[in-house]
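All of the numbers you see were taken from the coordinates with simple rules; none came from a lab. Keep in mind the model is a prediction, meaning the values are calculated, not measured. Cβ coordinates were reconstructed from backbone atoms using ideal geometry, including for glycine residues, and neighbour counts include every protein chain displayed.
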Amino acid sequence: MTNVLFVCLGNICRSPMAEAIFKDLVAKAGLQDQIQVDSCATSSEEEGHQPHPGARKVMAAHGLDYSYMHSRPITRQDFDWADYIITMDSQNMFNLNQMAPPEDRPKIHLCLDILPDKRGQEIPDPWYTHRFEYTYQVLQSALPAWLDKIKAH
């Protein structure tokens, strides 16, 4: 079993969208019994909240289920559980590397680093930009490559 954890600041925009998209990709590949997917936040600010209305609207428009999602902060157990911790921007990377036990830091990856022409680039937070469809499209461009990488290992 491979465990994939998506992380952003509040777990109401980017990481739940990534979780929903990736779960859909995993299901379409018939790999639900081999790959588990979850998401969480580096902050506890939004704990217990559903995804942002803009994220919900975009996920619904693309036929993705978000009904079970509620924001939660990352825990020590998440670092133990996850094989891949995929995050959205450099501030998330910094925060996760501060929180992670040293042995778990190699699991932390910037989402767009999987695409050679996008290495080091961030996925802007649509909470600020209000560009939820753009966020979906960026995630949709990167996540199939993550699935390919995970299937190859």
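In table form, for the structure just shown:
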quantity: Residues satisfying the stated conditions in region 110-136, i.e. touching a strand residue (DSSP E or B) at 6+ places or on another chain (Cβ under 9 Å) and of a type in the set (Val, Ile, Thr); calculated: Ile114, Ile123
quantity: Counted residues, region 63-93 - those being in contact with a Cys (Cβ under 8 Å, 6 or more places away or on another chain), within 18 Å of Ile35 (Cβ to Cβ), part of a helix (DSSP H, G or I) and not acidic (Asp, Glu); calculated: 0
quantity: Criterion violated by Leu139 - all others in (1) in contact (Cβ under 8 Å) with a residue 24 or more places away in the chain; (2) in contact with a strand residue (DSSP E or B) (Cβ under 6 Å, 6 or more places away or on another chain); (3) of a type in the set (A, V, I, L, M) satisfied; calculated: (2)
quantity: Identity of the residue in region 1-41, touching a Lys or Arg at 6+ places or on another chain (Cβ under 7 Å) and in a strand (DSSP E or B), that ends up farthest from Pro144 (Cα to Cα); calculated: Ala41
quantity: Residue pairs meeting the criteria (Cβ under 7 Å; at least 6 apart or on separate chains; first without any contact (Cβ under 8 Å) to a residue 60 or more places away in the chain and part of a helix (DSSP H, G or I), in region 111-122; second among the β-branched types (Val, Ile, Thr) and surrounded by 17 or more Cβ atoms within 10 Å (Cβ to Cβ)); calculated: Leu112/Ile123
quantity: Considering residues of region 121-153 that are among the small types (Gly, Ala, Ser) and within 16 Å of the chain's Cα centre (by Cα) only, the residue farthest from Val58 (Cα to Cα); calculated: Ala145
